[in-house]
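See below for the structure under consideration.
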Amino acid sequence: MSTKAVIPTSASSDSPASYEETYVHTIYESIAHHFSSTRYKPWPVVAAFLASIPAGHIGLDAGCGNGKYLMAPQEREGVYWTIGLDRSVRLLDIAKLAGGRSRECVLADVLDNPWRNGAFDFAISIATIHHLSTRERRKNSIQNLLNCLSPSHGRGLIYVWSVRQDELSKRSIPSPVEKTNSEHRGQDVLVPWVMTNSFASQKLEKMQSRETEDSPAIFNRYYHLFEEGELRDLVIAAAQELDTDEGSPASEEGSSRCIQIRPKKYIEIIRDGWERSNCYVEFRLYQK
Amino acid sequence: MVRLITHNLLSCHVKGCTRNNFPLRFQDVKVELREAEFNAEFLRNFVPRIEWKALVDAGKELGDTSLPEELPEMLGDEFLKKLHHVLLEIHVEEGAMVCPNCGHVYKIMSGIPNMLLTESEI
Ligand SMILES: [Zn+2]
């Protein structure tokens, strides 16, 4: 069996918070340095999104990890700012100096919303919300993004692992066990992180792994793998609960004649796609 | 790091604490000044996004009184230099931020504010 094989699982919904503590947060604290050493290339879709951010804008990276998206290409450093949020102190210790510059980071959960409403021009959440173990929690984390974005022009990009894996990734995803209803889309799995010995030297890392004398340390991280269309539907469901309907500013001229006391909030899905084993959705908020 | 650019965005998120929960007040802070690259284009465009009074007051709490009480109409270089310093060069390394409404204390350690709440506070 390849070390990249994943293990089907079903997350415990009795106590999702403590489940994630064991199968996500504790592991990232343990593998922080090794994980960070493997995470330096930006995904093309994310790089293109950040390249389009205008001067003076401010954004949030919810689940910033080692801070690779807090950096900008040399000529755009300081033209816009991205604030990093993560649950791992050890990853934030790396992120706060990402690229050799002082970055802005806060220790928080993506289920927290410690921001002024509407404060950000853009928000990204890359390879993060697939670590939340129930649909409700994944939806809540998207609602936090929507709430902290400007309702008039806020833009967002969410990126998660897909059930459809790139051939290069060599990960084999078991086919879903059974489909009961729309609440149970996608696939819950544990994905082994194999720590090479040079990184497994820290005490905490040794204690929390099942390391023996000869074998490398293996940590099983929880993921919810998204199926096609699932992320888009979740973003729209999250928005609708916040009285934000799906729309497109171009296609709605003159559709509403009644006088509105408050402007109505909308979300436009800009792109919904798949890139190298990941699903992503890019969206924009607007008001009318 | 907690610089005032971040402080100006943070508000208390304890369950039920939804009013008068911004800005958080600094307490027992250890501050470091570090030079940052000046970018007039960023600052000019960023100004409308700032909660001005909160920034001026937070600057004072950290010992900087250089910003005017009212945001000037003309954003000249001299003003932008002061704004740059207050927003991006004052680093709060240790201390805490306290909610003006519920009194919750958010600790700052090694430049990172801990905004996590315990389960009963969420
Ligand atoms: Zn409060």
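Which whole-Hz couplings ³J(HN,Hα) result when phi for each residue of segment A:269-284 is put into the Karplus expression 6.51 cos²θ - 1.76 cosθ + 1.60, θ = phi - 60°, listed in order with x for Gly and Pro?
So the J values, rounded to whole Hz, are 7, 7, 8, 8, x, 9, 9, 6, 6, 10, 9, 9, 9, 10, 9, 9.
Considering all projection directions equally, how large on average is the shadow of the alpha-carbon convex hull of segment B:2-94, in square nanometres?
Hull-based average projected area comes out at 6.4 nm².
Between B:GLU37 and A:ASP166, take the C-beta separation as r, use R0 = 30 Å, and let me know the FRET efficiency to the nearest 0.05.
0.20
Which of B:LEU67, B:LEU88, B:LEU75 ends up with the largest GNM mean-square fluctuation for chain B, with Cα atoms connected below 10 Å?
B:LEU75
Given a 1.4 Å probe, show me the residues in segment B:40-77 buried by at least 40 Å² of accessible surface when comparing the whole protein assembly to the chain alone.
Relative to the lone chain, where solvent access is computed with a 1.4 Å probe, segment B:40-77 loses at least 40 Å² at B:PHE42, B:ARG49.
Leaving out ligands and nucleic acids, note down the accessible area per residue over chain B with a 1.4 angstrom probe, in whole Å².
For chain B, the solvent-accessible area averages 50 Å² per residue.
Hey, in the GNM for chain B with a 10 angstrom Cα cutoff, which one of B:MET97, B:MET109, B:MET74 fluctuates hardest?
The residue with the greatest mean-square fluctuation here is B:MET74.
Which percent of the accessible heavy-atom area of the protein assembly as shown goes to carbon and sulfur, probe 1.4 angstrom?
The computed percentage sits at 50.
Mind listing the long-range amide H neighbours of A:LEU132? Cut-off is under 5 Å, sequence gap 5 or more, other chains count too, H placed in the peptide plane at 1.01 Å from N.
The answer is A:HIS224.
Net charge near B:SER11, counting Lys/Arg +1 and Asp/Glu -1 over other residues with Cβ under 11 Å of its Cβ?
The answer is +1.
At 7 Å along the Cα-to-beta-carbon direction for both B:GLU69 and B:LYS81, put a label point, then send me their distance in nm to one decimal.
So the label points at B:GLU69 and B:LYS81 sit 2.6 nm apart.
So what is the 222 nm mean residue ellipticity for chain B from helices alone, if each DSSP H run of at least 4 adds -39500 (n - 2.57) and you divide by all residues, rounding to the nearest 500 deg cm²/dmol?
It lands at -7500 deg cm²/dmol.
Just to be sure I understand: of the beta bridges DSSP finds with both ends in the protein assembly as shown, what percent are antiparallel, rounded to 5?
Of those bridges, close to 65 percent are antiparallel.
Nearest 100 Å² is fine: how much accessible area is buried between A and B, summed over both sides, with a 1.4 Å probe?
Between A and B, the summed buried area is about 2700 Å².
Of A:LYS68/A:LYS139; B:LYS30/B:LYS107; A:LYS68/A:LYS265; B:LYS53/B:LYS81; B:LYS15/B:LYS107, which sit over 20 Å apart, Cα to Cα?
Pairs exceeding the cut-off: A:LYS68/A:LYS139; A:LYS68/A:LYS265.
Is the protein assembly as shown rounded, prolate or oblate when judged by the Cα gyration tensor, a ≥ b ≥ c being the square roots of its eigenvalues, rounded requiring a/c under 1.5 and prolate requiring a/b larger than b/c?
oblate
Where nothing but the Cβ of Lys and Arg (+1) and of Asp and Glu (-1) is charged, how large is the charge dipole of the protein assembly as shown around its Cα centre, in debye to the nearest 20?
280 debye
Would you pull out the residues with amide H under 5 Å of A:THR82's amide H, same chain only if 5 or more places away, H placed 1.01 Å from N?
Placed amide hydrogens put A:GLY59 under 5 Å from A:THR82.
Work out the charge dipole of the protein assembly as shown with +1 on the Cβ of Lys and Arg and -1 on the Cβ of Asp and Glu about the Cα centre, then indicate which of A:TYR286, B:HIS13, B:LEU80 is farthest towards its positive end.
Of the candidates, A:TYR286 comes out farthest on the positive side.
The values are calculated or read from the model by the stated rules, or taken from the named source; none is laboratory data. Everything quoted here is computed from the prediction, not taken from an experiment. Neighbour counts are summed over all protein chains in view; Cβ atoms, including those assigned to glycine, are modelled from backbone coordinates with ideal geometry. Protein only, heavy atoms only, side chains kept; ligands, DNA and RNA dropped before computing areas. Shrake-Rupley method; radii C 1.70, N 1.55, O 1.52, S 1.80 Å.
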